[in-house]
1. If r is the Cβ-Cβ distance from residue 206 to residue 231 and R0 is 22 Å, what FRET efficiency results, to the nearest 0.05?
2. Extension gain residue 134-residue 77, at 0.36 nm per residue separation less the Cα-Cα distance, in nm?
3. So if R0 is 25 Å, what FRET efficiency would residue 284 and residue 143 give, r being the distance between their Cβ atoms, rounded to the nearest 0.05?
4. Amide H to amide H, which residues 5 or more places from residue 170 or on other chains are under 5 Å from it, using H placed in the peptide plane?
5. What residues qualify as long-range amide H neighbours of residue 237, i.e. H under 5 Å apart, gap of 5 or more or another chain, H built at 1.01 Å from N?
6. From the phi of every residue in region 211-216, what ³J(HN,Hα) in whole Hz does the Karplus formula 6.51 cos²θ - 1.76 cosθ + 1.60 yield, where θ is phi - 60° and glycine or proline is x?
7. Taking the Cα centroid of region 172-247 and of region 256-286, what is the distance between the two, rounded to the nearest whole Å?
8. What distance in nm lies between label points placed 7 Å from Cα along the C-beta direction at residue 106 and residue 160?
Amino acid sequence: MDPSAPARSLFARVYDVVACPFQKLQSVFPRISGKLDVNFTTRDGRQMFSFKAEVGEPKAVGDARPHPATTFHRFIELPPEIRVLIWELSLQEPRVFRLGPGSGDMMIDLERRWVPIMVPHKPPAPARACRESQALFRAGAKQLFGMNEGVYKSLWFVPSRDIVYWDTDINDADTLLNFAPDYLNLQNVAVDWPGDNELELYCLLKEVFERFPDIARLIIVMTHIPLPSGDVKFTHIRDNDPMHIAFQDDWLDWDELRDLIEIWLPDDHNKINAQSIEGVEVSLVRD
């Protein structure tokens, strides 16, 4: 010991004696945690020294914070109009019903009159949460695509919101006619961009308006590679997106192409205008 160093106090020496075993214990068993209170008092009851030791890692401060709630148990106590508004907002996401391939036998398709859908969507999760949300969902939904236009093999479809996608890589116009004599109650219709000449565009628009007489929103799907089986999603194209779409030996942006489509709409249409024509890119939904 250095003779020039000051003598350690009694308190410091007692601390070393008491703390040393705990320090060694913590190094040997780092996962053990515990606390010890040591008090030194005189015979007449006067406290001379108090020592508290803790072995192990201290608890993280964040552990004491409550976890966020995942349910709202008092939701039923909200006013009915507020609950309805919440349910409506939770049901806004449109689903894409992509028409699937036929059986390969025209006579079978004609006999059963069942519209195949690539992914038979269930009602959205909020619509299955309780009777109230289910009733609200079904008030605006219809059972479509069933065999012989009935409810057997039908799917719940919301005409004002959901989208039916005619993927022309899978079905031509004649095949659609084999599935069903008409496609009523389908307001939002997506169809592949037909090609780079006016005749193909005119023929496609004519078929769309004949097959889907209730159409109120035309969605043009840009050229894409053939899609495998599975659910798809759309990414909307904005007017200022530099698309450079080939048409009639020229390059057009989306806003120019949309104006051209409006010109070629059938004369007897009355629900479609430039504001209800949209362009999208399609991609497969990844899990």
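1. After rounding, the FRET efficiency stands at 0.15.
2. Numbers: separation 57, 0.36 × 57 = 20.52 nm, distance 1.83 nm.
Separation in residues times 0.36 nm, less the Cα-Cα distance, equals 18.7 nm.
3. Efficiency for this residue pair is about 0.40.
4. The list, which skips near neighbours in sequence, is empty: none.
5. 279, 280, 281
6. Ordered by residue, 3J(HN,Hα) equals 6, 10, x, 9, 4, 10 Hz.
7. 8
8. 4.0
Computed from the coordinates by the stated procedures, all read-outs in this text should not be read as laboratory data. What you are looking at is a predicted structure, and each value in this text was computed from that prediction instead of being measured. No Cβ is skipped: glycine too gets one built from the backbone with ideal geometry, and neighbour counts run over all protein chains shown.
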